[in-house]
Amino acid sequence: MADLQKLKDFAGKFCIPNPTNPDENFADKWNEDERSPRAFLSWIKQLQADLEEAIEHVDPQEVEERLGPVLGAGVVSAAVARFAEPVRAKSKTYPEVRISNPDKPWGS
């Protein structure tokens with residue numbers, strides 16, 4: 001797991017500043033419950049494993065099935081619809097057409 005010490009400030013408190021509001025500390029609750037940082041890092045590790053497993057699949061439906069429970073079905077469905085549909089449209093397969101005994105307009 002990542003080194004938790006790297007997430008502490010000079011006072012030894014967990015600190016992950018909000019990039020848009022440096023006065024806000026995303027990790028302020030971590031200083032109240034020692035289980036929080038480890039739980040977060042465990043979640044990150046599992047998320048990384050889930051994402052690595054999902055990208056092994058080419059079929060957007062399979063990616064959606066893998067990531068839906070992890071990230072939320074609505075979010076994943078919207079992302080698949082937005083990014084996979086153009087790919088699906090370009091790679092449409094068409095049925096094979098076979099004509100037996102075709103007419104021969106140029107003669108027999």
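Counted as membrane-span-like here are DSSP H helices of the chain whose alpha-carbon atoms extend 18 Å or more along the helix's own axis and whose Kyte-Doolittle mean is -1.0 or above; these are 35-54, 73-90.
For the chain, lysine pairs with C-alpha atoms less than 26 angstrom apart, excluding pairs fewer than eight positions apart on the same chain, total 7. A quarter of the convex hull surface defined by the alpha-carbon atoms of the chain gives 12.8 nm² as the mean projection. In a reduced charge model with +1 at each Lys and Arg Cβ and -1 at each Asp and Glu Cβ, the chain shows a dipole moment near 380 debye about its Cα centre.
Ranked by the mean number of other Cβ atoms within 10 Å of their residues, highest first, the peptides 41-51, 16-26, 62-72, 95-105 come out as 62-72, 41-51, 16-26, 95-105. Stretching the chain fully between residue 50 and residue 9 yields a gain of 11.7 nm (0.36 nm per residue, less the alpha carbon separation).
Taken together, the values in this text are just the output of simple stated rules run on the coordinates, not laboratory data. Note that the coordinates shown come from a computational prediction; the quantities given were computed from them, not determined experimentally. As a convention, Cβ positions derive from the backbone with ideal geometry for all residues, glycine included, and neighbour counts pool all protein chains shown.
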